[in-house]
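Each remark here refers to the structure printed beneath this line.
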């Protein structure tokens, strides 16, 4: 699966800040309050370069990052002040690929591309748990489910783990290779290389099938309420509703899109250049000048 060199793209919940990582390890914070003119609001760098980032689900100005050398960190990003390092620790001995929050934003997980995972308590600085979640299977995506970390492999398997217990049983989501997946507050959406996708509930039960793209999607993003699923490919972005109806399709001129994110009424797409393009969630109209 090809990914964007600007891989760690994530919106703050209010859609007023967006972080995008660059190949040189720098993470740029974009002010997206005016979607027509996103502007740089700060730059972060730590531990040989940042490769993953995630906003805290409960405290809007806290951002977790993971760096090439295994460093985990928390930053405080107030709108009216320069970025401030809040905490950092040696999370893993190997290069991470995923980072996120668990337990309502009290814990942070850092994970390698083959599933080695550590979870840390932000308040105490203590390690809550360590596990090998995928048994060497390549991890396509990681997320949280309450107090659990959830992994999805590129071969279509999923597994949940509470950091204070043993990892759960493997669940077979699909028998086909997975091209991309995303989460809303209630759904996991898994798409294959043919653009066909399946929606799963919190217990990994299949609840709906739909086509999210006519060809292989490079990335997926879902509105928080699950009403729209957006995907992108080389020169296109498309959004479908839960019924599978295409709501809009947009051509991305001179852009090889590889990353997509959704928050509020905005969609961000990014390709080989660091500056994101912002689209209206409901229409797909490009808002960025």
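If the condition is being part of a loop (DSSP other than H, G, I, E, B), surrounded by fewer than 19 Cβ atoms within 10 Å (Cβ to Cβ) and modelled with pLDDT of 95 or more, then the stretch 17-34 contributes 33, 34.
Restricting 190, 128, 207 to residues that are touching a strand residue (DSSP E or B) at 6+ places or on another chain (Cβ under 7 Å), free of Cβ contacts under 8 Å to residues at least 40 places away in the same chain, assigned to a strand (DSSP E or B) and buried (at least 21 other Cβ atoms within 10 Å of the Cβ) narrows the list to 190. Please work out if residue 92 is within 19 Å of the chain's Cα centre (by Cα) and touching a residue at least 24 places away in the same chain (Cβ under 8 Å). The answer is no for residue 92.
Listed here are the residues, each with its yes/no results for (1) surrounded by fewer than 22 Cβ atoms within 10 Å (Cβ to Cβ); (2) touching a residue at least 40 places away in the same chain (Cβ under 8 Å); (3) part of a loop (DSSP other than H, G, I, E, B).
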| site | (1), (2), (3) |
| --- | --- |
| 239 | no, yes, no |
| 244 | yes, no, yes |
| 249 | yes, no, no |
| 255 | yes, no, yes |
| 260 | no, yes, no |
| 269 | no, no, no |
| 275 | yes, yes, yes |
| 284 | yes, yes, yes |
| 288 | yes, yes, yes |
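Restricting attention to the stretch 53-89, the residues that are in contact (Cβ under 8 Å) with a residue 40 or more places away in the chain and more than 18 Å from the chain's Cα centre (by Cα) total 6. When we screen 95, 76, 137, 116 for residues that are within 25 Å of residue 177 (Cβ to Cβ), in contact with a strand residue (DSSP E or B) (Cβ under 7 Å, 6 or more places away or on another chain) and either at pLDDT 95 or above or buried (at least 23 other Cβ atoms within 10 Å of the Cβ) (or both), the only hit is 116.
For residue 234, the criteria (1) under 24 Å from residue 278 (Cα atoms); (2) in contact with a strand residue (DSSP E or B) (Cβ under 9 Å, 6 or more places away or on another chain); (3) exposed (fewer than 15 other Cβ atoms within 10 Å of the Cβ) hold in every case but one, which is (2). Residue count for the stretch 253-273, restricted to those that are touching a strand residue (DSSP E or B) at 6+ places or on another chain (Cβ under 6 Å) and more than 18 Å from residue 225 (Cα to Cα): 4. Given the criteria farther than 22 Å from residue 266 by Cβ and under 14 Å from the mean Cα position of the chain (by Cα), does residue 190 qualify? Yes. Taking (1) surrounded by fewer than 22 Cβ atoms within 10 Å (Cβ to Cβ); (2) modelled with pLDDT under 90; (3) within 16 Å of the chain's Cα centre (by Cα) in turn, residue 48 satisfies each apart from (3). Residue 104 meets all of the listed conditions (1) under 20 Å from the mean Cα position of the chain (by Cα); (2) free of Cβ contacts under 8 Å to residues at least 40 places away in the same chain; (3) surrounded by fewer than 17 Cβ atoms within 10 Å (Cβ to Cβ) but one, namely (2).
The values are calculated or read from the model by the stated rules, or taken from the named source; none is laboratory data. Quantities reported herein were computed from a predicted structural model and do not represent experimental measurements. Reconstructed Cβ throughout: ideal geometry from the backbone, glycine too, with neighbour counts over all protein chains shown.
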